[in-house]
Ligand code: ARG
């Protein structure tokens, strides 16, 4: 008999593969049996759908093959019945004792989520704000997707480094600093708005002619390189010259400048932390490892490529060429300066060779696709795609899509500027609060009579939960339309819908007067059975989120689980049922469901109000 602590799908799959091997031969032991949770209890709990495909490949009659496999599958007491159906499916009905044992075994702290055996850490590159610039919606996505993936890996027992690769070094920063110092602003009393203005001014003053851009386009460089080359080609402009000399002094460690530079960072980050706090993400100063962290490693990084004979000179600059494409990777400019890509290569060395991560995941918008492709290929050329102990490193860029406005264009304010993250969060919170206040006026509402402070907290949790859920429930690479009305709704596939379901379960449990829920599980109705089958999928769902790096799989599943609970609740009275044993079992199932929803929402970084 198989290990019973896993999702039954795995137990069934394994048993069917053993049958494949004995009926068809060893070479079929890994064929996919395609086991699915059945949509209708009439057809058992699970369906084995993979036999038709195999029969076709082998030129056999699918029903006959299904019969042979069925006779050979050894599920012992795990399954009550196996039946061949239709053109060659096998329907599996689990035995009651097996289902009950699985459910009770899941009801522990782990909730059926198994720890990973891989002891290598994982680096997740997220947020990536730029000093002197406000956070905008793009940073929202990078931050919450990255944070959710980090939570999932941590839940699976992995060590995660959340790497906030701040844009805190280089010419753009030097420009702002120079601009501010030249206008005599007091850097102690500066606000993020002042910084933003200085940033824009500085960019404007030092704006290049078109020659630089043309050059960049000729070698089909990515957006970052285009910006950098623009700057490189703007030497005639005095502001650019002054910024460059500021940068050189910074690089040489000029103490006064460095302390002013730190003030810029402090001012930017103070604002950033306010938003991060509201967002309920686990990201703080301890996760900052910005571009400046790598500044003394850049020369060595370039040397490593020179020594490995992987770079070549091109008009005085150093580039790395790839066999399969024209576009090279620029790693050092002709004036000897290093660029964004050089820093990222140094970061790859650090993450794979020093932190020894075997996965490096970048949650950065789709416009930097080429940049990351080039980096990953360069890392492979030089051998930084293996950890020091020889494990393969998985590099992955998650090129998330844009947040769009009603007009299906990237979200903009009415005046046409890009929407800052803080204004977006303020709006979400205001909407959440308005919604809760409105509901609390109803005498039957759980929140009726609560203090204004309590309602405010709940409103924030709902507003923030709404935008996070809406963001994470899309497949990441797609763009989506920011529609606050839909996101905040208590119905449909939304955060508030799931939060609300959870709060209702909490109130049901409270009304029961019980505090511990450990009665034996009993299964008397199809709805109880379906709810249990759904719950048993949890561990596997978390595994697939980690495997595919897709939090929306968890959103979808939580929505299905909430649906399964509501069918159960409609069909099965809990508090009103006479039989104490049944009541105890139903309360336990409700509490288990509530804990799974809380755990799942926590992996999405979404808080659950006790009452809503
Ligand atoms: N600061 C960058 C930007 O705003 C994002 C940083 C992404 N991470 C990285 N390792 N390059 O474009």
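The values are calculated or read from the model by the stated rules, or taken from the named source; none is laboratory data. Small disclaimer: the values here were computed from a predicted structure and weren't measured. Here the Cβ is made from the backbone with ideal geometry for all residues, glycine too, and neighbour counts use every protein chain on show.
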Exercise. What are the residues in the range 449-466 that are assigned to a helix (DSSP H, G or I) and free of Cβ contacts under 8 Å to residues at least 60 places away in the same chain, if any?
Worked result: 452, 453, 454, 455, 456, 459, 463, 466
For this session: Select from the range 284-296 the residues that are within 14 Å of the ligand (Cβ to nearest atom) and in contact with a helix residue (DSSP H, G or I) (Cβ under 9 Å, 6 or more places away or on another chain) and list them in ascending order.
Result: 288, 289, 290, 291, 292, 293, 294
For this session: Being in contact with a helix residue (DSSP H, G or I) (Cβ under 7 Å, 6 or more places away or on another chain) and part of a helix (DSSP H, G or I) is the filter; apply it to the range 189-202 and report the residue that is modelled with the lowest pLDDT.
Result: 202
Exercise. Hey, does the range 535-549 have a residue that's more than 20 Å from residue 106 (Cβ to Cβ), at pLDDT 95 or above and assigned to a helix (DSSP H, G or I)?
Worked result: yes
Exercise. Can you spot a residue in the range 75-95 that is part of a helix (DSSP H, G or I), at pLDDT below 95 and in contact with a strand residue (DSSP E or B) (Cβ under 8 Å, 6 or more places away or on another chain)?
Worked result: yes
Exercise. Only one of 366, 346 is within 16 Å of the ligand (Cβ to nearest atom), surrounded by fewer than 21 Cβ atoms within 10 Å (Cβ to Cβ) and either closer than 19 Å to residue 172 by Cβ or modelled with pLDDT under 95 (or both); which?
Worked result: 366
Exercise. Are there any pairs with C-beta distances below 6 angstrom linking a residue in the range 262-287 that is within 22 Å of residue 603 (Cβ to Cβ) to a residue that is surrounded by fewer than 20 Cβ atoms within 10 Å (Cβ to Cβ), with the two at least 6 apart or on different chains, and if so which?
Worked result: 275/422; 280/607
Exercise. In this structure, does residue 434 turn out to be buried (at least 20 other Cβ atoms within 10 Å of the Cβ) and either under 30 Å from residue 246 (Cα atoms) or more than 12 Å from the ligand (Cβ to nearest atom) (or both)?
Worked result: no
For this session: Please work out which one of (1) touching a helix residue (DSSP H, G or I) at 6+ places or on another chain (Cβ under 7 Å); (2) in a helix (DSSP H, G or I) is the condition residue 577 fails and give its number.
Result: (2)
For this session: Residues being in a helix (DSSP H, G or I), within 15 Å of the ligand (Cβ to nearest atom) and in contact (Cβ under 8 Å) with a residue 60 or more places away in the chain: count how many of those fall in the range 151-172.
Result: 1
Problem set entry | Unmet requirement for residue 181, which otherwise passes all of (1) at pLDDT below 95; (2) within 15 Å of the ligand (Cβ to nearest atom); (3) in a helix (DSSP H, G or I) | (2)
For this session: State which residue is surrounded by the most Cβ atoms within 10 Å (Cβ to Cβ) when the search covers only the range 535-593 and only residues that are under 21 Å from residue 478 (Cα atoms) and without any contact (Cβ under 8 Å) to a residue 12 or more places away in the chain.
Result: 544
For this session: Find all pairs meeting these conditions: Cβ atoms under 6 angstrom apart; at least six residues apart or on different chains; first residue within the range 417-442 and on the phi > 0 side of the Ramachandran plot; second residue in a helix (DSSP H, G or I).
Result: none
Exercise. If we scan the range 21-42, do we find a residue that is assigned to a strand (DSSP E or B) and either out of contact with any strand residue (DSSP E or B) (no Cβ under 8 Å at 6 or more places or on another chain) or surrounded by 21 or more Cβ atoms within 10 Å (Cβ to Cβ) (or both)?
Worked result: yes
